[in-house]
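Structure, as structure tokens:
The values are calculated or read from the model by the stated rules, or taken from the named source; none is laboratory data. None of the values given here were measured: they were computed from a predicted structure. Cβ placement follows ideal geometry from the backbone for every residue including glycine, while neighbour counts extend to all protein chains displayed.
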């Protein structure tokens, strides 16, 4: 296994379109890194640059102390698992898994041992004589992973491997990937746009948007201390509720409500007195003991909790997530508030110079 | 030393035999297909001979035999790939058919002389020349069927014997793989210590 270091990596396509801007990341040996972001944010491009499937325009890629920036993909000792499995339909599962080793002309018995070991890990032993079309999507993805495992690469790369699977299978495969990482203790880089996958799998998450890294950190850090409004709204489901307003005399004030700040918030926002800020509150941090009037439009019971959609003062659309079964009807009015220690404040740039507003506290 | 080598060979055999469970017998299968290639060469040459004498009722039977040989040969090729020893017997029968066919057209053609003046691959050939080439094709086809049959039979018997041993618990692939992994770990740990 290996350390991977991406230093000031940039990707500029022919025609001048820049897909990745100044990407810096040090992946430790055995670490599970998840690149997450919306479609077109540059996460797959970054992964493909690590794999060698895309040229790196600027910057350096160091794998285990060796500069691999211009190295051919086959010489990087990296295995990649794709979303569409990329299995050979005319070969059996055994032959698919053994394929890369057969190309390397490894000894047949060594190949056999490696394939059997991978099949054991992935519970594929009974499927080895079948063809890919005889397997389910989840099994095919396991075969694709097995093909990567037999190579015993320095780094595993996963490019949205679960996107083709249904929700239930995605959940079980996610747990299998977690187990696989524990068993192999391998360095893994995983691309997804699904924040659930990112939060559950990652040792560290790299959150990207429009080719820029927005935040790198542990899942809990991104959830509890988002660096900007993009991360705040991207991580968490449903997304965080955002309110524009001002800080005035120890209150967060806007046209809809006036909310008192606690002493810690007052201290943190002292220099923003009279200035525009953005308040962010996650739906699960909305309470029913406040003074803000909330007109309910929709009530979605999810079993363990209820998503309640509505408008504050008939204007601002907000979502609340209450940890119990609720039976609100359209038009019901309740009072809501915020959990004090779970309120996030972001800078508001009145000139709109920044795409995403930085977190204050 | 000898003991070690013997043990090593036995381990190799266990894994080699286990590999058969996951790989097809392409060697035998491909030889059966090669036999069909020679059969194709035989009948294309036979039907290319420009002589009115060849167009007799017997040619219809020859076409049918060719079709049957091609069909049976293909089925046997697939069967033998999957270590089914019954198909080895069928391959021997096909080889016998090819040998018998030598005495039908090539020899009768040579005796009757109707194969004279054939142009094949641009060269004018004598009756004897035509006959010899046809015989070579049939012999090559039969030889390929025999090689495929023998190989298929031997490997199928080897696998059958191995499976019996596996089922009786005399040998265990899992234990073998675990032992080899352990040996590899020990040797790599030794290398690290030495290093």
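Odds and ends about this structure:
- Among the conditions (1) assigned to a helix (DSSP H, G or I); (2) more than 19 Å from residue A:144 (Cβ to Cβ); (3) at pLDDT 95 or above, residue A:56 misses just one, which is (1).
Matching residues to (1) touching a residue at least 40 places away in the same chain (Cβ under 8 Å); (2) closer than 25 Å to residue A:179 by Cβ:
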residue: A:18; (1), (2): yes, no
residue: A:33; (1), (2): yes, yes
residue: A:36; (1), (2): yes, yes
residue: A:72; (1), (2): no, no
residue: A:80; (1), (2): yes, yes
residue: A:88; (1), (2): yes, no
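- Listing of helices (runs of 4 or more DSSP H) fully contained in region B:97-195 that carry 3 or more residues being modelled with pLDDT of 95 or more, more than 14 Å from every other protein chain (Cβ to nearest Cβ) and surrounded by 11 or more Cβ atoms within 10 Å (Cβ to Cβ): B:127-168
- Looking across region A:102-116 at every residue that is outside any helix (DSSP H, G or I) and more than 14 Å from chain B (Cβ to nearest Cβ), the one that is surrounded by the most Cβ atoms within 10 Å (Cβ to Cβ) is identified as A:104.
- Residue list for region A:85-101, restricted to those being farther than 15 Å from residue A:47 by Cβ and more than 14 Å from chain B (Cβ to nearest Cβ): A:85, A:87, A:88, A:89, A:100
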